[in-house]
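To keep things clear, I will list the structure first and then write my remarks on it.
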Ligand code: BG6
């Protein structure tokens, strides 16, 4: 059980606090009984009573709202942090959660340091930051340096909420607690890896952020590469955060920067009419790309990632396709086997399935695709906790396994930076219809790159 803590939310009036942090905290506290006091900190004036009403509405939790506090401060002025300092003076553990726009990170971190609220090497002072963690390698490096000046690495929690998804954590269990998979997990038996992070929704009201970011910064640099690192890393020495991070770093280091000629971008039809989008925006809402990992295990295996908004449905999935088995000769006829697929379904319908070839029941010998499936929901009677609940639970407990380290963030920027730069100087991306799977060129990318075609379970015979 985590110790009692003060959770100081900078930007506590904002969307992130009310949509994600407070509701998840409400569930967590109701389920596990953590003793947490929420302190909202922002530039705006608000009475404690007002804030308590907001906390109640967003978290649904009486106990959280009853002792919530509000402090008004100026992020850039350390002397304005004094009331906060007094409020938390006897707290056993203080967590500073920056739920503010990224341009405020530097000043808040500096003010925490100057005011003495951030104490280096004191594990009971923690800082939580959310993406975007930089917009390229240089800015990510600067942010890491600023954080490191005020906090030790053990005190810093960088959120990538994908890492906190139960099914993403299950990748480790699948790979390393079953002796069936690891022996095939390499270039000898795997033909290709295809990762899809598809969303049905458009950008909604997030143009202010998204039109600056685009699909590569929004999903590929963080969620998709973290997922790929877990899928392709070597077995860590132990499964403690430190060793898992080391293993992920080694995998990321072996990935070459994306070759822009091996990538496709698109923009959904109607994007330019979304409120807040620049009328001539060339920002991509879809990206597909090929990654190669130059190490002993993966050399020569083509790996493809794609992500996009306004696609046919929400699905995040890793498909691992094994090499074909040799032809079968039966009764003078040559029969091709059914390629084996290992499908890791991150969301929705979380689970793992294996698509194999089976004999069609009957008098003739004929192959048909058949599926074996683990529904993750069958392992539990309760709903899976939201990723933010896992994130908050781990921050409160001081664990790091759901958080990428500083170097991983920079390595991921190194991988995508050349592509982002190349796209900055290109014309308008191809426009794709809402509800389609994106530009055709993404199919060619996979077909000519040795991946066959994109696969999502459900659309593929033998997968469901
Ligand atoms: C966020 C992105 O990090 O992840 C959003 O900024 C995206 O654009 C979201 O919609 C997807 O998260 P999830 O958990 O719904 O897959």
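Residue count for the range 263-280 satisfying the condition of being over 13 Å from residue 434 (Cβ atoms) and surrounded by fewer than 14 Cβ atoms within 10 Å (Cβ to Cβ): 5.
The C-beta contact set for the range 308-322 (first residue more than 16 Å from residue 375 (Cα to Cα) and modelled with pLDDT of 95 or more, second residue near the ligand (Cβ under 10 Å from one of its atoms) and assigned to a strand (DSSP E or B), distance under 9 angstrom, 6+ apart or interchain) comprises 308/197; 308/198; 309/198; 311/198; 312/198; 313/198; 314/198; 314/347. The criterion of at least 1 residues that are farther than 30 Å from residue 321 by Cβ and in contact with a strand residue (DSSP E or B) (Cβ under 8 Å, 6 or more places away or on another chain) is met, among strands (runs of 3 or more DSSP E) falling completely within the range 123-216, by 125-130, 156-159.
For the range 32-53, a residue qualifies if it is farther than 21 Å from residue 90 by Cα and either touching a helix residue (DSSP H, G or I) at 6+ places or on another chain (Cβ under 7 Å) or in contact (Cβ under 8 Å) with a residue 60 or more places away in the chain (or both), and the qualifying residues are 32, 52.
Go through the range 431-448 and give me each residue that's assigned to a loop (DSSP other than H, G, I, E, B) and either crowded, with 16+ Cβ neighbours inside 10 Å or within 25 Å of the chain's Cα centre (by Cα) (or both). Spell out how you get there, then give the answer.
Restricting attention to the range 431-448, the residues satisfying the condition of being assigned to a loop (DSSP other than H, G, I, E, B) are 433-440.
The answer is 434, 435, 436, 437, 438, 439.
Are any of the residues in the range 410-428 over 24 Å from residue 132 (Cβ atoms), away from the ligand (no atom under 16 Å from the Cβ) and out of contact with any helix residue (DSSP H, G or I) (no Cβ under 8 Å at 6 or more places or on another chain)?
Start the filter on the range 410-428 by keeping residues that are over 24 Å from residue 132 (Cβ atoms), which leaves 427.
Keeping just the survivors that are away from the ligand (no atom under 16 Å from the Cβ) gives 427.
Narrowing further to those that are out of contact with any helix residue (DSSP H, G or I) (no Cβ under 8 Å at 6 or more places or on another chain): 427.
Yes, because at least one residue in the range 410-428 is over 24 Å from residue 132 (Cβ atoms), away from the ligand (no atom under 16 Å from the Cβ) and out of contact with any helix residue (DSSP H, G or I) (no Cβ under 8 Å at 6 or more places or on another chain).
Checked against the criterion of being crowded, with 18+ Cβ neighbours inside 10 Å, away from the ligand (no atom under 16 Å from the Cβ) and in a strand (DSSP E or B), the candidates 338, 346, 342 yield just one match: 342. Pairs are defined by a Cβ separation below 6 Å, a sequence spacing of at least 6 or placement on different chains, a first member in the range 235-251 that is under 16 Å from residue 412 (Cβ atoms), and a second member that is at pLDDT 95 or above and assigned to a helix (DSSP H, G or I); the pairs so defined are 248/229; 248/408; 249/407; 249/408; 251/229; 251/232. Residues in the range 86-103 that are surrounded by fewer than 17 Cβ atoms within 10 Å (Cβ to Cβ) and in a helix (DSSP H, G or I): 86, 103. Checked against the criteria, residue 176 does not count as crowded, with 17+ Cβ neighbours inside 10 Å and either within 30 Å of residue 214 (Cβ to Cβ) or touching a residue at least 12 places away in the same chain (Cβ under 8 Å) (or both).
The values are calculated or read from the model by the stated rules, or taken from the named source; none is laboratory data. This is a predicted model, so every value here is computed, not measured. A quick note on method: Cβ atoms are made from the backbone with ideal geometry, for glycine too, and the neighbour counts reach across all protein chains shown.
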